[in-house]
Each structure stands twice: as C-alpha cells, then as structure tokens.
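Colleague: Supplied in structure tokens, the structure appears directly below.
The values are calculated or read from the model by the stated rules, or taken from the named source; none is laboratory data. The structure displayed is predicted, hence computed values, not measured ones. FYI the Cβ positions are ideal-geometry reconstructions off the backbone, even for glycines, and counts take in every protein chain you see.
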Amino acid sequence: MSLPLVVTGDPDLLDDLLRLAAAGGTEVDVACDLVAARHQYPAAPLVLVGVDQIGACLRARLPRRRRVVLAGRGELPDPVFDAARALGVDHVITLPTAEAWVVDRFSERPASAVSDGRILAVIGGRGGAGASILSAGLAVTAVTAGHRTLLIDADPLGGGLDLVLGWENVDGLRWSALARSGGRVDPAALLDALPHRGDLVLLSFARDQGPLMPADAMAATLDAGRRRRDVIIADLPRQMDDASVLALQAADRAVLIVPAELRAAAAASRVVRMIRAHRDDLSLVVRGPAPGKLKAREVAAALHLPLIGTLRPEPALCEALERGHAPARDGKGSLAILCKRLITDLVGDERPAVAA
C-alpha cells in the first residue's frame, strides 16, 4: 500500500511534517526533490510539497492529480499563492498554524481517501447558450454509463438545473443550507443530504433564498465529489466569483458552448479572455442553427479554440424539457451523442499534464 509522500529539501519543514505524520499515526515516504519523488508521486494517497520545491514543480510539469498540499513555515509571500494556482494544488498551508489540519490528513485511512473523481466544467459563451442543458445532459449520460455522478449548479442567475432535470420537488439541501455550514461537512453526509435519484446527485439553488455560493462551500462540494463520485459536472457562470473560479481551476476539462451567431461569438471572446486568466486549456462546442450561415469551424477559428463538437436543433428535446424530462435520457439525438463522447473522453483519458 502506498504511503503519503513528503517532498522537501528544507530540513526544518521535514522535521515538522515527520512529527505531524507520527501524531497522525502513519509512516511517510520522503523525497528531497521531485526527481527522487517522481515514481511515488502518482500513487501516493497524499502529497505534501515544501514551498522550497515551487520552482522545480513549475519546471517539471508533473501529471495533474488530487490531494496535493503546498506546505511552508511562517508567513508565505504572495508569489507562493500565485504558483499554487498555476500548479493546481488543493491547499496551501503554513506551520504551525495548520498543524491540527495536517494531522487530520495524515490520520485518514485509505478507505476515506479520494476516489479520483473527474471534473468537467461547462460555461456558456453568452446567456441562453445552452450550458445548463449540456451540463444536465452530461450528468444524465454519465449515470447511464454507470458512473456515480455529482451535478453542480454554480450559476446563481440561471434558471436552475433542478428544473432542467425535472427535480424541483425533490427534497434535499440547496446552496443556501450548505453556505451556512461554512464548508465544514462530512463528504458522505453532504452527498446523502443533497437531492438525488439513483447515482445522480444535484446541488442547486433554492428559489426562495439568496444565491449564496461561498468558496469554502464549493471546496467542500468538490472534495466530496472527488472522494465519492466518479464524475462531477459543474455548470459555471460567465461572471465568475471565487467559488466558480475554484471549480474552473479544479476541472480536468473545461468546455465553452457558443451559438453559431456573430454576436454570440463576440460575447464569447470576452468570456474566453476571462477563462484564460485561470486556465490554459478550453474546448468549444458550437450550437446551431446558424441564421447567418456561420460555420462551427469559423467560430472556433475566431475564438482560437479547438472544436470538439456541434449541436443541432432538437425540437423534441425542447418539448421534453417543458414536461420535466431530463435531457439525453433516451440516448438519442445530437446532444446525447455529444455527451457520450465527452464523458468517454473525460473518464477514459489521462489527466492533462499542465495544470492551469
């Protein structure tokens, strides 16, 4: 069985982490640098990297993975946090302030470790682009394929993914209740408390309460998804706050959906610039029809994005949504075909080598 991995050349930091590992009742593997750590890095249940290794991490372009913590002693300068965002680490901690938290992480047994759930973020290039329908279709498709799935409605001004699924009367916690917890929730308890049917779990907004979505609540939700779901689909807003940026940076894949219209492409170009500030990789889905005969590849060229799919009009889908039937549930049509391919790519491929 793999042990937690500590990577640092700082002897004082190493002494502290070894002491905390002992307090947590576990042994650890130790590497003085990333070259020595390369073989243990992918399989370790937890990786703590000293801030002295930041430059090496940025140069090494290690495979992206979960449960990586950047650790230092005392007050850390701002460039450390900038590097942490670039590396996509889960947490930045300082000792001795975070000692109790580190002991808790070391004390976690393999049964409570993360299951490596994959995250796909969906963003609309403009209002009404179809991001919510695509997100719901992806979640339904993932469940149909046998994957335990979490669908996160992170667009507070959207119509609500519960309506898209036909789940508005399904009992369970919404964002407002999770926000009051301050992010302090047990992953299993959180998923059990959310609206769910079968292997699909939904986190959405309550219509009679404010659209609260704190970053700590988003972090807790993503952590629960990584631990106990195979697939996490996040429907993100175009105007991003701290919580949605956190989800965007955590995602293994990010997809922008844009109608095949000139004004939509112009609006999407601003969204692309915003996303590029937080991650480098982004793919494009173009939704027809194109009133001005604008081709999908022309939209992709204008936005400088790889085109991974197109969607055609489906009148039957619109009718089904009005009746409370979830999109892509019958596995037929343009949306279902695209969703099958995106889910297969998400769960079947290795993680990107470059963290954004």
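Colleague: Suppose the filter is buried (at least 17 other Cβ atoms within 10 Å of the Cβ), in contact with a Ser or Thr (Cβ under 7 Å, 6 or more places away or on another chain) and among the small types (Gly, Ala, Ser); does residue 88 pass it?
Modeller: Considered against the rule, which asks whether it is buried (at least 17 other Cβ atoms within 10 Å of the Cβ), in contact with a Ser or Thr (Cβ under 7 Å, 6 or more places away or on another chain) and among the small types (Gly, Ala, Ser), residue 88 comes out as no.
Colleague: Looking at segment 240-261 only, could you name the residues that are closer than 15 Å to residue 205 by Cβ and surrounded by fewer than 22 Cβ atoms within 10 Å (Cβ to Cβ)?
Modeller: Within segment 240-261, just 241 meets the criteria.
Colleague: Identify all residues within segment 174-188 that are more than 22 Å from residue 133 (Cα to Cα) and modelled with pLDDT of 75 or more; write none if there are none.
Modeller: Residues satisfying the conditions are 176, 177, 178, 179, 180, 188.
Colleague: Sticking with this one: Being within 15 Å of residue 95 (Cβ to Cβ) and in contact with a helix residue (DSSP H, G or I) (Cβ under 6 Å, 6 or more places away or on another chain) narrows it down to one residue among 31, 23; which is it?
Modeller: Unique residue meeting the criteria: 23.
Condition check ((1) assigned to a helix (DSSP H, G or I); (2) closer than 19 Å to residue 169 by Cβ; (3) modelled with pLDDT under 90) across all residues:
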{"residue": "190", "(1), (2), (3)": "yes, no, yes"}
{"residue": "201", "(1), (2), (3)": "no, yes, no"}
{"residue": "207", "(1), (2), (3)": "no, yes, yes"}
{"residue": "211", "(1), (2), (3)": "no, no, yes"}
{"residue": "222", "(1), (2), (3)": "yes, no, yes"}
{"residue": "227", "(1), (2), (3)": "yes, no, yes"}
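Colleague: Would segment 60-70 turn up any residue that is surrounded by 15 or more Cβ atoms within 10 Å (Cβ to Cβ), touching a strand residue (DSSP E or B) at 6+ places or on another chain (Cβ under 6 Å) and over 26 Å from residue 222 (Cβ atoms)?
Modeller: Looking through segment 60-70, none of the residues is surrounded by 15 or more Cβ atoms within 10 Å (Cβ to Cβ), touching a strand residue (DSSP E or B) at 6+ places or on another chain (Cβ under 6 Å) and over 26 Å from residue 222 (Cβ atoms).
Colleague: Where in segment 70-180 are there helices (runs of 4 or more DSSP H), lying wholly inside it, with at least 2 residues that are in the same structural domain as residue 252 (by TED's automatic domain parsing)?
Modeller: Output list reads 131-144, 161-165, 175-180.
Yes/no per residue for (1) over 22 Å from residue 319 (Cβ atoms); (2) in contact with a Cys (Cβ under 8 Å, 6 or more places away or on another chain):
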| position | (1), (2) |
| --- | --- |
| 122 | yes, no |
| 129 | no, no |
| 132 | no, no |
| 141 | no, yes |
| 146 | yes, no |
| 154 | yes, no |
| 158 | no, no |
| 162 | no, no |
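Colleague: Okay, moving on. Which members of segment 1-57 meet the condition of being more than 23 Å from residue 104 (Cβ to Cβ), assigned to a helix (DSSP H, G or I) and among the acidic types (Asp, Glu)?
Modeller: Of everything in segment 1-57, just one residue is more than 23 Å from residue 104 (Cβ to Cβ), assigned to a helix (DSSP H, G or I) and among the acidic types (Asp, Glu), namely 52.
Colleague: Also, quick follow-up: If you go through segment 144-171 one residue at a time, how many are touching a Leu at 6+ places or on another chain (Cβ under 7 Å) and either surrounded by fewer than 22 Cβ atoms within 10 Å (Cβ to Cβ) or without any contact (Cβ under 8 Å) to a residue 24 or more places away in the chain (or both)?
Modeller: The qualifying residues number 0.
Colleague: Condition check: touching a strand residue (DSSP E or B) at 6+ places or on another chain (Cβ under 6 Å), surrounded by 14 or more Cβ atoms within 10 Å (Cβ to Cβ), more than 20 Å from residue 76 (Cβ to Cβ) and modelled with pLDDT of 85 or more. Does residue 10 satisfy that?
Modeller: Answer is no for this residue.
Colleague: Look at residue 214 and say whether it is in contact with a strand residue (DSSP E or B) (Cβ under 9 Å, 6 or more places away or on another chain) and either within 14 Å of residue 251 (Cα to Cα) or buried (at least 17 other Cβ atoms within 10 Å of the Cβ) (or both).
Modeller: no
Colleague: Could you count how many residues in segment 153-167 are at negative phi, over 20 Å from the mean Cα position of the chain (by Cα) and at pLDDT 90 or above?
Modeller: Residues that pass the stated criteria total 4.
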